[in-house]
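So the structure is just underneath, and the comments pick up after that.
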Amino acid sequence: MRIDYAISIWNYSHHAVAGRLEDEIALIRGRNLGVELWGSWRGGPDLYSEENRARLRPHLAGMAVSLHSALGNSWDLHQRQIDAAADWGARVIVLHSSD
């Protein structure tokens, strides 16, 4: 069995002096770890937007990626999260609804 270890950017952002997300992904990659992405980075823009998905795609190439989704009930929000998982090559996505 193969186990991929990943760092959650939510926890990471609360316990480290964190810079730009792209730089932090590079540091995580350098430690041979994967990354669990959330909907935003340090209160910044929506990472699930098409623009941000494209911006992060080259930084995540070849890494173990998972997504921990934002709370919400709209199909649009869930679809954007699923699209982000596909764009980033995530093998796992956890979807939550707010109900």
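The values are calculated or read from the model by the stated rules, or taken from the named source; none is laboratory data. All values reported here derive from a predicted model rather than from experimental measurement. All Cβ positions, glycine included, derive from the backbone under ideal geometry; neighbour counts span all protein chains shown. Ligands, DNA and RNA are stripped out before the accessible areas are found, and what is left, the full protein with its side chains, is counted by its heavy atoms. Shrake-Rupley method; radii C 1.70, N 1.55, O 1.52, S 1.80 Å.
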>> Against the condition among the hydroxyl-bearing types (Ser, Thr, Tyr), at pLDDT 90 or above and surrounded by fewer than 16 Cβ atoms within 10 Å (Cβ to Cβ), how does residue 49 come out, does it pass?
In response: yes
>> Condition first: more than 18 Å from residue 4 (Cβ to Cβ) and in a strand (DSSP E or B). Can you find one or more residues in the range 53-60 that meet it?
In response: no
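Determine whether the range 18-37 contains at least one residue that is of a type in the set (Gly, Ala, Ser) and open to solvent by 70 Å² or more (accessible area, probe 1.4 Å).
no
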>> Under 9 Å between Cβ atoms, which residue pairs at least 6 apart in sequence (or on different chains) link something in the range 25-36 that is touching a residue at least 12 places away in the same chain (Cβ under 8 Å) and closer than 12 Å to residue 4 by Cβ with a partner that is among the acidic types (Asp, Glu) and open to solvent by 60 Å² or more (accessible area, probe 1.4 Å)?
In response: 33/4; 34/4
> What number of residues within the range 66-99 satisfy the criterion of being crowded, with 17+ Cβ neighbours inside 10 Å and either of a type in the set (Lys, Arg) or assigned to a strand (DSSP E or B) (or both)?
Replying inline: 7
>> So residue 24 ticks every box in (1) within 16 Å of residue 87 (Cα to Cα); (2) in a helix (DSSP H, G or I) but one. Which box is left unticked?
In response: (1)
